[in-house]
Each structure stands twice: as C-alpha cells, then as structure tokens.
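What follows is one structure encoded as structure tokens, with my remarks underneath.
The values are calculated or read from the model by the stated rules, or taken from the named source; none is laboratory data. Just so we're clear, the structure is a prediction, and the values are computed from it rather than from any experiment. Heads up: the accessible areas ignore ligands, DNA and RNA and are worked out on the full protein's heavy atoms, side chains in. Shrake-Rupley method; radii C 1.70, N 1.55, O 1.52, S 1.80 Å.
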Amino acid sequence: MFEKVQFTCADGYVLQGRFFPKQQKTSHLPILIGSATGIKQGFYQAFAKWLTEQGYDVMTFDFRGIGNSLYEPVSK
C-alpha cells in the first residue's frame, strides 16, 4: 500500500511521510500532496491510493509539528 519515508530539513528537523507507488507502468509525473494547515497526511490516503491506480507515484507528508512529524507535546 505505502512505504514510510522521512526526510530531513535544512535545520535538522525530520518530517515523516508516505510514498505510494503507482500500480501500473506509465510516464506520468509523480504527485506530492501538501496537506492543508493542521490536517494529517492520513486524510489524503484514499485519494493517494486512487491516484496510484491511475498510474501516478504519490507522496504525502506531515508538516512539522503535526501528525507523525510532531515530536513534542503541543503545549509545553
């Protein structure tokens, strides 16, 4: 279904994401889904899966401080 990925920002903060590989060979360009403010990447999972069925590689991610990219409590 998807592979967990992570990538490090220039300041060292690690963002968590998911890579959904396309399910058929096509020459379509990959799609990056940037979530709406405060929305976790999981919200877009069904859409990402549908896009893979259309022949697209898709990546989603959680912005810093949200979802899987949250490493400290929101309130300190």
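Of K25, K40, K4, K49, the residue with the largest accessible area leads and the full order is K25, K4, K40, K49 (1.4 Å probe). Sequence gap of 8 or more, or different chains, plus Cα separation below 23 Å: how many lysine pairs satisfy both in the chain? So the count works out to 9.
Here is the tail figure for the chain: Cα pairs spaced more than 16 Å apart come to 50 percent of all pairs.
Counting only DSSP beta bridges whose two residues both lie in the chain, roughly 70 percent are antiparallel.
Tell me the carbon and sulfur percent of the accessible area for the chain, rounded to whole percent, probe radius 1.4 Å.
Numbers: 3100 of 5260 Å².
In the chain, the share of accessible area belonging to carbon and sulfur is 59 percent.
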